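Read the figures in this text as sums done on the coordinates, not as results from a lab. Everything numeric here is computed off the predicted structure, so don't read it as measured data. With ideal geometry, Cβ positions are generated from the backbone for all residues, glycine too; neighbour counts draw on all protein chains shown.
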Amino acid sequence: MSDNKENHQGLDPEVVEKLRQQSSELTESINSGNHARAMSVINDLSEVRDQSLYREVGRLTRSLHEAIRNFQIDPRSAEQKEALSKMSDASDRLAYVVQMTGQAANRTMDLVEESMPVAHTMRDEASALHEEWQRLRRREMAPAEFRELYGRIDRFLAALTTDSDMLYNNLSEILLAQDFQDLTGQVIQKVTALVKEMEENLLGLVVMASHVDQLTGTVHQLDEREESAEQGVGPQIKAQEREDVVSGQDDVDDLLSSLGF
Amino acid sequence: MKILIVDDFSTMRRIIKNLLRDLGFTNTDEADDGNTALPMLRSGKYDFLVTDWNMPGMSGFDLLKAVRADDNLKNLPVLMVTAEAKRDQIVAAAQAGVNGYVVKPFTAAVLKEKIEKIFERIQ
C-alpha cells in the first residue's frame, strides 16, 4: 500500500484495506442488483469511518493535552497555577527587553545631550582665542587687551581640563549603557527557543487534526490572509532577499524619483 | 518654524528632536500617534510635520490622509520617517501626498538632505 501512500496519508492501512474491499463489494452488489446487500455494505463502511474517527479524535485529544502540558499552561494543580506559564513568562521577558533597551537609549541620550553643549562651548572658545592669538602674533594687540587675553587663556586651560574629564566620563558611561545587549540577547534567545518548541508542538497538533479531517472528508477553505500594509507592518527582516521591499534609502529615492518626485 | 514630531517611541522622538535642533530647528512639539497629533495640528499653527507610520491608534498614513483632507492643513509639508519598507507602501504614501520618505534606520545626513529638499521646493 506504500505505492499510493499520498492518496491516503494518515489513514491506517487496515482502514484503507477495508475501504478497498468494501467498495469493490459495493460495486459488485449494485451491478448484480443485490441492493439490500449494497445498503448493508454502505452501513459497514460508515461504521469503519466512525470508528476510525473516534480513534483519531481520541489521539487528537491526547496530543492536545500533551501539548498543553508542554506549554505549561494547564492550570490543573494549584502548584501549576502558581508557577508562571512559559507563555506569560515569555511576554514578561520581552517586556523586560523593551524596558532595558528603552532605559539604555534614554541614558545614552541624556549623556549625549549633556556632552554636546560642552563640546560646543569648548570649540567656540578655542576658535575665539585662536583669533585673538593671531592678533597677538601680528602685534595688533594693545597691552590692556593682552592682559585680558592672558587671563582668558588661563581660564580656558583650566576649564579644558574639567570639561575633558566630564566628556571622558560621559563617554565611558555611554559605553557602559550598552551592557543591556548581553542581557537582552540572552532573554531573546530563550524566548526564541520557546517559540520554536511551540511551533513544533503546534505542527504536531495540526498533523493530528488533519487525520480527523481526512476521515470526515472535511476540506477547509482557507482564505489567504492579506496583511494590510495601511496600518503599518514594522521593520522588514531579510529585506535584501525580497523584491517587494526596499533595501535602504537609495532604493526609496529611486522609487520616488521614478514616480516623478 | 514650528515642527510637530509624531512617533510612538519616545526615544525616536528624542533622536529626531536632537537632529532637528542640530539643523537649527528648536521649536518642536511631540505627539505619540495620529489621534493626539491631529488636534495639535489643527490648533497649533505648525509649519512642518515629521511622522512615523506604524503607531497604535491612528497610523501616520491615516494622519497624512487626514492632513491632506483638511482645508487648513492640506498644504502642510509632511516627512515620513518610518521602518515601513514595502514598495507598495512608499507608492501609497507618495500618492497620498507625502513630501519626503525616510526609512529607518537613517543617518543625520539623510534626514538633513530630505528636510532641506522639502523646504527648497516650498520656497
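For region A:104-236, the direction-averaged projected area of the alpha-carbon convex hull comes to 15.4 nm². Amide H contacts for B:Glu30 (H built 1.01 Å from N in the peptide plane; partners 5 or more residues away or on another chain; cut-off under 5 Å): B:Ile5. Extension gain for the segment A:Lys190 to A:Val15, taken as residue separation times 0.36 nm less the Cα-Cα distance, is 58.7 nm to one decimal.
Computed from label points 7 Å out along Cα-Cβ, the spacing between A:Phe261 and A:Asp165 is 5.0 nm. Here the Karplus relation 6.51 cos²θ - 1.76 cosθ + 1.60, evaluated at θ = phi - 60°, turns the backbone of region B:62-67 into coupling constants of 5, 5, 4, 5, 5, 5 Hz, with x for every Gly and Pro. Charges were assigned to the Cβ only: +1 to each Lys and Arg, -1 to each Asp and Glu. The resulting dipole of the protein assembly as shown about its Cα centre is roughly 840 debye.
Per residue of chain A, what 222 nm ellipticity follows from adding -39500 (n - 2.57) for every DSSP H run with n ≥ 4, rounded to the nearest 500?
It comes out at -26500 deg cm²/dmol, rounded to the nearest 500.
The modelled label-to-label distance for the pair A:Asp89/B:Glu116, using points 7 Å beyond Cα in the direction of Cβ, is 5.4 nm. Here r is the Cβ-Cβ distance between A:Asp254 and A:Ser46 and R0 is 45 Å; the resulting FRET efficiency, rounded to 0.05, is 0.10. Counting 0.36 nm for each residue step from A:Ala128 to A:Ala36 and taking away their Cα separation leaves a gain of 21.9 nm. Close amide-amide hydrogen proximity is noted between B:Met55 and B:Gly60, each under 5 Å apart and 5 or more residues distant or on a separate chain (H modeled in the peptide plane; Pro and chain starts excluded). Structure note, pairs B:Lys17/B:Lys117; A:Lys238/B:Lys17; B:Lys2/B:Lys86; B:Lys65/B:Lys104; B:Lys45/B:Lys117; A:Lys190/B:Lys17: Cα-Cα distances above 27 angstrom occur for A:Lys238/B:Lys17; B:Lys2/B:Lys86; A:Lys190/B:Lys17. In this simple spin-label model, placing a label point 7 Å from the Cα along the Cα-to-Cβ direction at both B:Asp47 and A:Ser23 gives a separation of 7.9 nm.
Taking the square roots of five times each eigenvalue of the Cα gyration tensor of the protein assembly as shown, the equivalent ellipsoid has semi-axes of 69, 29, 18 Å, listed largest first. For region A:107-261, the Cβ-based charge dipole about the Cα centre amounts to some 1000 debye (Lys, Arg positive; Asp, Glu negative; other atoms uncharged). Taking a straight Cα-Cα cut-off under 19 Å and skipping sequence neighbours fewer than 8 places away in the same chain, the aspartates and glutamates within cross-link reach of B:Lys114 are A:Asp250, A:Asp251, A:Asp253, A:Asp254, B:Asp7, B:Asp22, B:Asp47, B:Asp52, B:Glu84.
Ranking A:Phe156, A:Gln134, A:Met122 by Cα position along the charge dipole of region A:122-173, where only Lys, Arg, Asp and Glu carry charges on their C-beta atoms, puts A:Gln134 farthest toward the positive end.
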